[in-house]
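Reviewing the structure listed below.
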Amino acid sequence: MAFLAEWVEAQYQKADRAPDWKQLLCDGNIDEALALGSKHMPDSLRTILVEATSGKKPKTINNNSLVALIGRLKALQRHSQQAQELLQGSLGEVQARTTEQNDFVSKTKVFLQHSGDNTTELRTEIEQKLGQTSQLFTNQFSELQQLIDGRSKDAMTVIKSIEEIGKTVQLLSINAAIEAAQAGEYGRGFAVVAGEIRDLAMRTQASTKEAYLQMDLSGVGEQLEGILASTDRQISELSSQVQESLDSIQSLMSDIDGSLCEIDSNNKVVEATVGLSYSACEQIDGKSYWSHQLLDDIGTNLNSLSSDQDSLEKVVNKEQLHLNSNYDRLEEIKKRGEIRIAIEPSFVGVSYRVKPNDPLSGFDADMARALADWLGVKCSFVEHPWDRCLQLLETGTHQGEAEVDMVLSAMPPMPNENVVFSDPYVFLPYVLAKRQGDTHIQSIKDLDGKVLGCINDPAAIQILEDLGIRWESNRSKPGGTIQLSNLLAYNDQTQIHDCLTKEIVDAFAVDLPIYHWACYGDASPWKGKLEILLGSLCEDLWFYSVAVESKSYNRTLLEVTNTFIKKYRQQTEYRKLTDTWLGQNYDDPNWSFEEGVLDVRSFIE
């Protein structure tokens, strides 16, 4: 992680660097700009500024042209500053996640050490118990063997005695037979033989009883039962100890798994945040390059100034700035037969493509086409990332391209001195989405300890904070009731659905139309994978408005747009749009702009 920490530190230093001479010049600090721009400021521009500050009469300059160009420079610097603020926020998140990840890695190492120690103890304990059990069996069965051997010898003695008795009986039987044969009918000796046989029978009976007693192994059986019971106890104790050790290892493994999941989650946060940082860096580089090119153009043309010609007009024309006091944007739109509208091309359900190269679909795309049709002109979309669409009201996407006429792209009105907003063209709830079938999340209260995703919109983030939701950057702010593990704010709208299905986040707070079609549209790849919880996260409905630059020449365009919105929202076609992209039509007759938001009344003649 060391390389990442070094990169973060380097980017922090880059993002926190002091304002350059262009920013100082735009702010009116000419002396400081001259001092700071000693190596990079064009010589011709330096000459003009030095003459202006020294009291000498500089070459004749068209003031309107210079003001317009300085305004363009200010806009470029402002856009760069916005990107720097985004970069600082992203790098702060990376730094926080890196610190957390290092903590998790340390904890995992400790868990692994404990697991190894427990395994060693378990192995030693099992070896000891098995040795004791083995010794027990050896001793017990040795005693049993000795007992059986003794009983066997006694049995052999008895058997031998019986054998001798059998021999004697046989001999007596022979003698009795001989005597009987000799005596004939006078076999007196037979009585003696009969007595011997009787005695022999008694002895045989006695020997038999003795053999029975000697061969009785009931004691051996009892001893064997004792051995088996003792063995069973030993094995039971061993099993219990093994189970305890295994439970301990399982608990450690569970802790390790939890830590690894946290590390994986942080890796995903870092990956996404680094992506945002690169995007911000590209924006800064692009605006800085444009600023340098514009200043070079100004410097070059200042060198060619004469008393009867203002070459700055060439730069003004190249930047497509409007100096004519009678300029009216609506007239120009109708003259060119086209309205240029800035829009985010990856807002599923709002402005997106079902398939590559398809025309844009969605609520905003349809609204923009309806407005163009109402004006009687062609609708031309200027596709741009949502968080930077408002910048296109002041500058084009690159040098030499004109600014857009308006922004119609899921834009909630917000305080901005450079932007004026129309009346709402759609009302909608702010909702919470989750993976379909996930029973762990039923409301925002279930977000404690979870990873929440949202769009990187200041208004949306403020709502989450007002709901008592806290994360790394606002953890210490009072009023927190729900502590997230992470909050991941997305600028890349292509990720805001997959991040939930891929379990990068546990839930997603979002504007309804951005998730409605994704959850329930027949052609949606997320249908059956995502669902929206009933109800709105905030008490009041949200609304989107059209945005134009706060220039007086946009007044008639915004007035006509408000008229269109009022009439179109009453038509059946509009209801069909809301049914398709929101599921139903929403309305708030008591709506009002947030304090500080500029509307059509703010235009000054």
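Details
- Rounded to the nearest 20, the Cβ-based charge dipole of the range 403-448 about its Cα centre (Lys and Arg +1, Asp and Glu -1) stands at 340 debye.
- With K and R counted +1 and D and E -1, the other residues having a Cβ less than 15 Å from that of ASP366 yield a net charge of -1.
- Applying 0.36 nm per residue to the separation of ARG601 and SER240 and subtracting their alpha-carbon distance, the gain on full extension is 121.9 nm.
- For the range 469-597, the solvent-accessible area of protein heavy atoms averages 48 Å² per residue (probe radius 1.4 Å; ligands and nucleic acids excluded).
- Prolate/oblate/rounded call for the range 526-596, Cα gyration tensor, a/c under 1.5 rounded: prolate
- Length added when fully stretched, SER251-GLU417, from 0.36 nm per residue minus Cα-Cα: 54.0 nm
- Legend: Rg and Dmax of the range 482-573, from Cα coordinates, 18.0, 49 Å.
- Point-to-point label distance, GLN132-VAL560, nm (Cα→Cβ direction, 7 Å offset): 9.5 nm
- Alpha-carbon spread of the range 367-450, three principal axes, descending order, Å: 52, 30, 23
- Fraction of accessible area attributable to carbon and sulfur, the range 514-605 (%, probe 1.4 Å): 46 percent
- Most positive-pole-ward Cα, ILE532, ILE504, VAL546, against dipole of the range 497-579 from beta carbon charges: VAL546
- Length gained when the stretch ASP540-ASN175 is fully extended (0.36 nm per residue, less Cα-Cα span): 118.4 nm
- Using R0 = 41 Å, the C-beta based FRET efficiency linking HIS114 and THR481 works out to 0.75.
- Cβ charges +1 (Lys, Arg) and -1 (Asp, Glu), total dipole of the range 366-474, debye: 440 debye
- Low-density loop cleavage sites - chymotrypsin sites (Phe, Trp or Tyr not before Pro) in the range 563-605, where at most 11 other Cβ are within 10 Å (DSSP): none
- Pairs over the 26 Å Cα-Cα cut-off, from the set LYS378/LYS566; LYS502/LYS576; LYS434/LYS566; LYS378/LYS576; LYS445/LYS576: LYS502/LYS576; LYS434/LYS566; LYS445/LYS576.
The values are calculated or read from the model by the stated rules, or taken from the named source; none is laboratory data. Since we're looking at a predicted model, the values are computed, not measured. FYI the Cβ positions are ideal-geometry reconstructions off the backbone, even for glycines, and counts take in every protein chain you see. Side chains included, ligands, DNA and RNA excluded: accessible areas come from the protein's heavy atoms. Shrake-Rupley method; radii C 1.70, N 1.55, O 1.52, S 1.80 Å.
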